[in-house]
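Take a look at the structure set out below.
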Amino acid sequence: MEYYQIAIDGPSGSGKSTLAKGVASRLGILYLDTGAMYRACGLKAIKTKIDTKDADQVEKMMQDIKIDITHENGEQHVWLDGEDVSKEIRMPGVSVAASDVSAIPCVREAMVNLQRKISEGKNVVLDGRDIGSKVFPNAKYKFFLVADAEERARRRLLELQEKGVTDTSFEDVLKDIKYRDHQDTTRASSPLVKVEDAIEIDTTSISIEGTLDALLSHIQE
Ligand code: DC
């Protein structure tokens, strides 16, 4: 049997995870949030107090890291060295650490291998930065989501507030988004790029429901 992959790439806050979850639930396939894996690496760097930009220190850290992904009732859980860190990885501060360590090649190699292994023998939708360009260049469907930075910051702030994080301002979130946009698109190793065969969708002023329908109509075509 042939299995297929759906790749949804784009910058933070462009609506990837909500859309990927929607696609997975409509099609009854597995959703893999790859950003969560880089976040777990970033969290480990914070916990072990290493410099997230120091490739040597991060490389050493990666020799002794265990990341597992499980799914319970459609929700992805991320385990770092045996501990469920699914909530912790969403905290402000982990985003920037994740972006920092994700620029280091050994981190990317380990995470890409893990993503391919988890996807083996399944139909999957993955969201991230390099899914269509690197993880699954032969994915059956590729989407590239974009949205204005201010709108993305507004969404991220709302998300954080819903999680009970109230000590972050719009300006903080926007600064974090701009930092990550720059770093994720300019790094040497698998930067965020729109590949030629990806369908670009601007989610700035369309609702998630509208975007999901647009995505599904491409898939069903
Ligand atoms: O999607 P996210 O915001 O949870 O991702 C956190 C960071 O991880 C992001 O700033 C860049 C990195 N990342 C990546 O380099 N490649 C991926 N496929 C997914 C995320």
Listed pairs K66/K117; K53/K142; K122/K163 exceeding 22 Å between Cα atoms | K53/K142; K122/K163
Taking Lys and Arg as +1 and Asp and Glu as -1, residues besides I206 with C-beta under 12 Å from its C-beta add up to -4
Of all alpha-carbon pairs in the chain, indicate the percentage at a distance above 34 angstrom.
-> 8
Angstrom value of the Kirkwood radius, inverse mean 1/r, which spans all Cα pairs in the range 81-156 | 14.8
Stretch R154-K49 to full length: gain in nm at 0.36 nm per residue minus the Cα-Cα span?
-> 34.8 nm
Assuming R0 = 41 Å, can you tell me the calculated FRET efficiency for the pair D213 and D56, based on Cβ-Cβ distance, to the nearest 0.05?
-> 0.30
Can you give the relative contact order of the range 28-112 as a percent, counting alpha carbon pairs under 8 Å and 6+ residues apart?
-> 39
If amide H atoms are modeled at 1.01 Å from N in the peptide plane, then the residues at a separation of 5 or more from I199, or on another chain, having amide H under 5 Å from its own are K142, F143, F144
The summed charge of the T70 Cβ neighbourhood (under 15 Å; Lys/Arg +1, Asp/Glu -1) stands at -3
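Each value in this text was obtained by applying a stated rule to the coordinates, not by laboratory testing. Everything numeric here is computed off the predicted structure, so don't read it as measured data. When we count neighbours, we look across all protein chains shown, and the Cβ atoms used for this are built from the backbone with ideal geometry, even at glycine.
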